[in-house]
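So the structure is just underneath, and the comments pick up after that.
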Amino acid sequence: MPPPKLILPFVDYGRIFRVMYSVLDGRAHTHRACIFFAVAGAILLRRHYQLKALPVSGAAAYMVDSNASFVATFGKIEDGMLVSSPEAFHCWVECDGYAIDFMAPVFRENLKAAGFSSPIARKMFQRPLAEMAESSAELDCDGAFSLFPNSERTQAMIENFEAKASSGDLANMCSHWYRRPPKRIAETLDMANDLGKVDRLTLHGPEVSGVW
């Protein structure tokens, strides 16, 4: 079967990821910044694509290397179920029946920090929610996934993000910097802090090499 039509082109996904990565790099643990990737990513999709994108929080499982049967899980096991908690969760974007995870290209660093050294590929994650696996047995091919949204965690994520002025400032900076392909995007952006010091950001980040 041919792959399903994507609501966000591959090139656009990669550019959105690199803009957010460039703004975050050196200011946060980028490989653990799923909240920022979800909330800022949803903002970019709403502002630049007029899509009804919403950040979602909960537990998640992704088959990231079927040859090694390696499933990346975000959450904790409770009574045999993968669930989320204030300390163990993941965040992604839901939009027009799709799940989009802008943190996927840095799963490698996230898993390495958790003690797993497998060289996970840097791929785009954008899949129809209708294709979600209903059991762990169905996580049998690269890109197979299960998501477990938690409305309480989602509300807490949004409230915590909005409570931090710096988070909103960084998200707005991403939106200001971003340009939809094929428009050219500036390779640098000047950012001033509260003390008036100006830092020059350079567009960079790992290249997204494929699709899950």
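Among what's in the stretch 154-174 and is more than 18 Å from the chain's Cα centre (by Cα) and hydrophobic (A, V, I, L, M, F, W, C), pick the residue that is nearest to SER22 (Cα to Cα).
ALA165
Does at least one position in the stretch 123-133 carry a residue that is free of Cβ contacts under 8 Å to residues at least 12 places away in the same chain and closer than 12 Å to ALA61 by Cα?
Within the stretch 123-133 (the criterion being free of Cβ contacts under 8 Å to residues at least 12 places away in the same chain and closer than 12 Å to ALA61 by Cα), the answer is no, since none of the residues qualifies.
Right, LEU8: modelled with pLDDT of 95 or more, within 20 Å of ALA156 (Cα to Cα) and not in a helix (DSSP H, G or I) or not?
no
Name the pairs whose Cβ atoms lie under 6 Å apart, with the first residue in the stretch 182-209 and at negative phi, the second open to solvent by less than 70 Å² (accessible area, probe 1.4 Å) and aromatic (Phe, Trp, Tyr), and 6 or more positions between them or separate chains?
So the pair list comes out as LEU189/TRP177.
Residues that are open to solvent by 20 Å² or more (accessible area, probe 1.4 Å), in contact with a Phe, Trp or Tyr (Cβ under 8 Å, 6 or more places away or on another chain) and of a type in the set (A, V, I, L, M): does the stretch 34-43 have at least one?
Within the stretch 34-43, one or more residues are open to solvent by 20 Å² or more (accessible area, probe 1.4 Å), in contact with a Phe, Trp or Tyr (Cβ under 8 Å, 6 or more places away or on another chain) and of a type in the set (A, V, I, L, M).
Using the structure shown, decide if LEU24 is at pLDDT 95 or above, in contact with a helix residue (DSSP H, G or I) (Cβ under 8 Å, 6 or more places away or on another chain) and of a type in the set (A, V, I, L, M, F, W, C).
For LEU24, the condition - at pLDDT 95 or above, in contact with a helix residue (DSSP H, G or I) (Cβ under 8 Å, 6 or more places away or on another chain) and of a type in the set (A, V, I, L, M, F, W, C) - is not met.
Scanning for something at pLDDT below 95, touching a Ser or Thr at 6+ places or on another chain (Cβ under 8 Å) and open to solvent by 20 Å² or more (accessible area, probe 1.4 Å), does the stretch 55-69 turn up at least one residue?
Looking for residues that are at pLDDT below 95, touching a Ser or Thr at 6+ places or on another chain (Cβ under 8 Å) and open to solvent by 20 Å² or more (accessible area, probe 1.4 Å), one finds at least one in the stretch 55-69, hence yes.
Against the condition over 16 Å from PHE10 (Cβ atoms) and assigned to a loop (DSSP other than H, G, I, E, B), how does ARG200 come out, does it pass?
Details: over 16 Å from PHE10 (Cβ atoms): yes; assigned to a loop (DSSP other than H, G, I, E, B): no.
When the stated conditions are applied, ARG200 does not pass them.
The values are calculated or read from the model by the stated rules, or taken from the named source; none is laboratory data. Computed from a predicted structure; not experimentally measured. A quick note on method: Cβ atoms are made from the backbone with ideal geometry, for glycine too, and the neighbour counts reach across all protein chains shown. Note: accessible area is taken over every heavy atom of the protein model, side chains too, but ligands, DNA and RNA are not part of it. Shrake-Rupley method; radii C 1.70, N 1.55, O 1.52, S 1.80 Å.
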